[in-house]
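Following: one structure in structure tokens, then a few remarks.
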Amino acid sequence: MHWIDYFIVIVSILVAIVMGVYFAHRQKDTSTYFAAGGRIPAWAVGMSIFATLISSVTFLAYPGAAYAGNWILLVQGLMVPIVLLALIGVIVPLFRKVIRLSTYEYFERRFGLFARLYSSLAFTLGHFSKAGTVFFLVSMALATFLNINIYSVVMVLGITIIILTLLGGMEAIVWMDVVQGALLIGGGLICVALLLFLPEGGPSEVFRIAGEYDKIGFGPYDFDFTTLTFIVMVLNGIFYALQKYGTDQTIVQRYLTARNDREAKKAAFIGVLMSVPIWALFMFIGTCLFAYYHSTGAPVLPEEIKSDEVFPYFISHQLPVGIRGLIIAALAAAAISSLDADLNCLSAIAVQDYYARFKKDSTDRQQLRFGKTMVVVAGVGAMAVACLYISWGGEGVLGALFSLYAIFSAGIVGIFILGLFSRRANKQGLYVGIAVAVLFTAYAVLTSTKVDLNGDGVKETLLDLGEWNFKHHNYMLGVYSHLIVLVVGYLASFLFKTPLADKELTIYGYLENKKNETHPES
């Protein structure tokens, strides 16, 4: 690393801190702190959604996946625009109308308090573990690049993100995401431009090698749920899109920052239409890396290097001074863009679903103070999880703990779909569906997850039932849990006599309003 590279990385981190300080004076109430007062233009909100979706995990994992195989992971992202086109017109106005801040307020209005607490707790546990994982992965990469202690990276990166989120609120996060998103796009394009012309023969040689080794494809296309196939990724992608845009606080909260329903819809489309090409860009980087290291006269990779280590190795050894610093800054920016949103949204959930919900006489000032406290708590907690990962190598007790999180967050998308499309579904039937989904998920996770429980490097299944173990691919687990809640919850609702749900909380209210707008005389 040249001093110029260090300088670029340090400047990118300082910009995040300055952004937080700049917007600090505006954060006087919860509406501004958590939703930017609803005054952010659509293009900026869309860029923020894009930057949140493209995390540092994408930055590192997608090139590695494409290097080792093909583009099958991209199928998940390709499903997002399809689902969005079908439902975004319903989802955005629904949330902007029925919730104040928390996505899970809708769940309470539709199915009662338990549904709200279950879904918000699932989001909290899932994103808390995700934040710790992102901290760990990006800190490990940056420590290698910068040749400094990994715990120091965790501290610097964590404090930077806490300052940005604590002082600047959602407004600083959105505008910082705009900067970081541009940096990420620029870094990816530079890498592709270099990789296309580094091999002898240029782009034509890259595509020749990619074609010869079948590196650009989405197969296998077998109708098989036990391995990673095209159909598995299609189903996973559909539910991923519904989860992100219908139940994920980090995205739904962005809808509230836009000026009106039309701007919020436009922002959602901008975020997705930017994300899909960039997902493809980083897949293409992996393909180009494969072609480069398999071309005539290419450098020889170290023995036993893992596929997800090839891109970091290329950055360290092949990029020129300055460009290397820019790419590493883009990696740090991707982490900041993902983690600052997580901290703000975790704080929003703590305020709206717990503090304000159970302390109804609290003032907005008290809620804001509590929210800022929770930003610090969540940030420190995520840093602590990252440090545990470092100490335990990401295995052992922590892996088992995250498996338990998966069990108790089962079927969130199923709850959302059931509430949106069925007026007949009631809370009693939903609770039956959740109970069945949790039991099924517990069985599937415990009989399919292997972790190193004893620290001796030997991985064991948490619960080995032999032939009765869950044998389908892990990506199908989420699909099944959502479907169980949807089907069992709907059928069980007929066992309980309750009034039909308020039409305005379902898609039928939206359709009726559209009909009245089109034919007001009827």
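The values are calculated or read from the model by the stated rules, or taken from the named source; none is laboratory data. Since the structure is predicted, the reported quantities are computational estimates derived from the model, not experimental observations. Positions of Cβ are generated from backbone atoms using ideal geometry, with glycine treated the same way; all protein chains shown enter the neighbour counts. Please note that ligands, DNA and RNA were not included when accessible areas were found on the heavy atoms of the full protein model with its side chains. Shrake-Rupley method; radii C 1.70, N 1.55, O 1.52, S 1.80 Å.
Please state the charge dipole magnitude for the chain, taken about the Cα centre, from unit charges on C-beta atoms (+1 on K and R, -1 on D and E), reported in debye and rounded to the nearest 20. Don't skip to the end; give the middle numbers.
Working: 36 positive and 35 negative charges, 445 e Å.
Dipole about the Cα centre, nearest 20: 2140 debye.
In the stretch 294-362, which trypsin sites (Lys or Arg not before Pro) fall in coil by DSSP and have 15 or fewer other Cβ atoms within 10 Å?
Qualifying residues, ordered by number: Lys306, Lys359, Lys360.
Roughly what angle does helix 261-293 make with the longest principal axis of the chain, taking Cα atoms, 0 to 90 degrees, to the nearest 10?
Compared with the principal axis, the helix lies near 30 degrees.
Straight distance only, please: which lysines reach the Cα of Lys471 with their own Cα at less than 19 Å, same-chain residues fewer than 8 apart left out?
Lys450, Lys459
Ordered by residue, what ³J(HN,Hα) values in Hz, to whole numbers, does the stretch 128-137 give under the Karplus form 6.51 cos²θ - 1.76 cosθ + 1.60, where θ = phi - 60° and Gly and Pro are x?
Ordered by residue, 3J(HN,Hα) equals 5, 5, 5, 4, x, 5, 4, 3, 5, 5 Hz.
Pairs Lys97/Lys514; Lys215/Lys244; Lys97/Lys265; Lys244/Lys359: which exceed 20 Å Cα-Cα?
On the way: Lys97/Lys514 15 Å; Lys215/Lys244 29 Å; Lys97/Lys265 14 Å; Lys244/Lys359 29 Å.
Correct reply: Lys215/Lys244; Lys244/Lys359.
Name the lysines eligible as straight-distance cross-link partners of Lys427: C-alpha to C-alpha under 20 Å, and not fewer than 8 places from it in the same chain.
Candidates past the 8-residue exclusion: Lys497, Lys503.
I'm a student and want to see the number: the projected area of the Cα convex hull of the stretch 101-182, averaged over all directions, in nm².
Details: hull surface 27.6 nm².
Approximately 6.9 nm², given one-decimal rounding.
To the nearest 10 square angstrom, how much accessible area does Trp392 have with a 1.4 angstrom probe?
Looks like 120 Å² after rounding.
Note down the relative contact order for the stretch 188-346 as a percent, whole number, built from C-alpha pairs under 8 angstrom at least six residues apart. Don't jump to the answer; show the numbers that get you there.
Details: 94 pairs, mean separation 48.2, N = 159.
Worked out over the stretch 188-346, it gives 30 percent.
Once Rh for the chain is found with the Kirkwood sum over Cα pairs, what is the Stokes-Einstein diffusion coefficient at 10 °C and 1.306 mPa s, in µm²/s?
Working: Rh = 24.1 Å.
Reported coefficient: 66 µm²/s.
If we count every other residue with Cβ under 13 angstrom of Ile161's Cβ, Lys/Arg +1 and Asp/Glu -1, where does the sum land?
Values: positive: none; negative: Asp177, Asp340, Asp342.
Local charge sum for Ile161: -3.
As an exercise, identify the GluC sites (Glu not before Pro) in the stretch 151-246 lying in DSSP coil whose Cβ has no more than 11 other Cβ atoms within 10 Å.
Numbers: sites: Glu171, Glu200, Glu205, Glu212; in loops: Glu200.
For GluC sites (Glu not before Pro) across the stretch 151-246 that sit outside H, G, I, E and B with at most 11 neighbouring Cβ atoms in 10 Å, the list reads Glu200.
List the aspartates and glutamates whose Cα lies under 17 Å from the Cα of Lys28, skipping any in the same chain that are fewer than 8 positions away.
Glu171, Asp364
In terms of the Cα gyration tensor, with a ≥ b ≥ c the square roots of its eigenvalues, is the stretch 94-235 rounded because a/c is under 1.5, prolate because a/b exceeds b/c, or oblate? Don't skip to the answer; put the middle values down first.
Working: a/c = 2.19, a/b = 1.35, b/c = 1.62.
Verdict is oblate for the stretch 94-235.
Using alpha-carbon pairs under 8 Å, 6+ residues apart, how would you state the relative contact order of the chain in percent? Could the numbers behind the result be given before it?
On the way: 860 pairs, mean separation 142.4, N = 522.
Reported relative contact order: 27 percent.
Each residue of the stretch 297-306 in order: what ³J(HN,Hα) in whole Hz does its phi give by Karplus 6.51 cos²θ - 1.76 cosθ + 1.60, θ = phi - 60°, with x for Gly and Pro?
The phi angles translate into x, 6, x, 8, 6, x, 5, 6, 5, 7 Hz.
Using +1 at the C-beta of Lys and Arg and -1 at the C-beta of Asp and Glu, which of Gly509, Ile82, His473 has the Cα lying farthest in the positive direction of the dipole of the chain?
The Cα lying farthest towards the positive end belongs to Gly509.
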